[in-house]
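Asker: One structure is given below, represented as structure tokens, and several questions about it will come after.
The values are calculated or read from the model by the stated rules, or taken from the named source; none is laboratory data. Source: prediction; values computed, not measured. Please note: Cβ atoms are built from the backbone with ideal geometry, for glycine as well, and neighbour counts cover all protein chains shown. Protein only, heavy atoms only, side chains kept; ligands, DNA and RNA dropped before computing areas. Shrake-Rupley method; radii C 1.70, N 1.55, O 1.52, S 1.80 Å.
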Amino acid sequence: MTEQEILQGLYDRTLVGDAPAVLDLTDQGLAAGLAPETMLFEALIPALEEVGARFERGDFFVPEMLIAGRAMAGAMEVLRPLLAQTGAASLGRFLMGTVKGDVHDIGKNLVNIMLEGAGFEVIDLGVQVAPERFVAAIREHRPDIVGFSAFLTTTMPMFKANINALEKAGLRDQVIVMVGGAPVTQEYADAVGADGYAADASTAVRRAKELLA
Ligand code: B1M
């Protein structure tokens, strides 16, 4: 198979949620010398974008989104150690979580991988993280930056709820707040009083470094 055929196969099989084929093609891509970033940005992410577009049009439903997400997550397990360099000196501590009411984690996990690759120490609280859990974890881990991910317009308001909880706990001036996720914009981030926003994982790394500079 040519590199182009592998990338096309990865896109097509992710789109239909064929996890074993996606894993197999990921291995084949690596064996053929394809860069993990190429498989990620030219096949896996575009496939999930198409899944989202089909869901919006009513051509796909939740089960299709779920199996496509699982197929991508399987490939990420293989790519993760390759994307994240090891042994880099810590640039800072980053506490991350998907907000309460939201179970999307693929985008968050990708940001984590890129942050780790760039040399951040990442503490991931997972999904559905309530404001009080963020507060407790900030007290425990003393991160330089806390990151809130939200992927639904209905869960984005949790950014403000989280920031309010930090203020109430007297922690707001001790930690930098970054936000992101599919429906989030710079305007929304500004409106809720976040310090930083990024539209994708590589911008998130750049923005995190800028905020600490
Ligand atoms: Co859902 N879902 N989903 N979903 N899902 C979206 C997000 C949606 C846009 C699809 C659509 O309609 N086009 C839509 C939201 C619409 C909206 O609110 N505007 C949607 C919906 C409606 C829903 C449900 C409500 C469906 C239902 O039940 N009726 C439901 C909600 C469940 C809940 O959370 N309570 C639901 C459920 C699910 C699944 C569980 C089936 C599955 C999630 C699996 C998982 O994550 N483990 C799923 C999936 C797979 C998707 C799509 C198809 C793909 C998401 C994804 O992984 N994208 C998605 C459509 C889409 O996004 N195009 C969709 C790839 C990922 C790499 O990109 O997540 O954007 P992204 O992450 C980026 C950036 O956002 C950024 O960097 C990441 C990497 O580049 N980023 C940050 C993320 N976090 C950041 C933090 C930062 C900085 C940058 O700083 C802290």
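Asker: Which condition breaks for Phe148 when tested against (1) within 14 Å of the ligand (Cβ to nearest atom); (2) hydrophobic (A, V, I, L, M, F, W, C); (3) open to solvent by 40 Å² or more (accessible area, probe 1.4 Å)?
Answerer: (3) is the only condition that Phe148 fails.
Asker: Could you identify the single residue in Val184, Val205, Val177 that is surrounded by 20 or more Cβ atoms within 10 Å (Cβ to Cβ), within 13 Å of the ligand (Cβ to nearest atom) and modelled with pLDDT under 95?
Answerer: Numbers: Val184 fails: modelled with pLDDT under 95; Val177 fails: modelled with pLDDT under 95.
Step by step, each of Val184, Val205, Val177 is checked, and only Val205 is surrounded by 20 or more Cβ atoms within 10 Å (Cβ to Cβ), within 13 Å of the ligand (Cβ to nearest atom) and modelled with pLDDT under 95.
Asker: Looking at Arg54, is it within 11 Å of the ligand (Cβ to nearest atom), open to solvent by 50 Å² or more (accessible area, probe 1.4 Å), closer than 21 Å to Asp18 by Cβ and not small (Gly, Ala, Ser)? Steps first, please.
Answerer: Details: within 11 Å of the ligand (Cβ to nearest atom): yes; open to solvent by 50 Å² or more (accessible area, probe 1.4 Å): yes; closer than 21 Å to Asp18 by Cβ: yes; not small (Gly, Ala, Ser): yes.
Here the answer is yes, as Arg54 does meet what is asked.
Asker: Right, here's the next one. In the range 8-57, which helices (runs of 4 or more DSSP H) lie fully inside it and hold 2 or more residues that are of a type in the set (A, V, I, L, M)?
Answerer: Correct list: 19-31, 45-57.
Asker: Further question: Based on what the data block shows, is Phe60 open to solvent by 60 Å² or more (accessible area, probe 1.4 Å) and either free of Cβ contacts under 8 Å to residues at least 60 places away in the same chain or part of a helix (DSSP H, G or I) (or both)?
Answerer: no
Asker: Still on this structure: Only one of Phe134, Phe159 is within 14 Å of the ligand (Cβ to nearest atom), assigned to a helix (DSSP H, G or I) and free of Cβ contacts under 8 Å to residues at least 40 places away in the same chain. Can you tell me which?
Answerer: After ruling out the rest, the residue left standing is Phe134.
Asker: Determine which member of the set Gly33, Gly9, Gly107 is surrounded by 18 or more Cβ atoms within 10 Å (Cβ to Cβ) and farther than 23 Å from Ile145 by Cβ.
Answerer: Answer to the check: Gly9.
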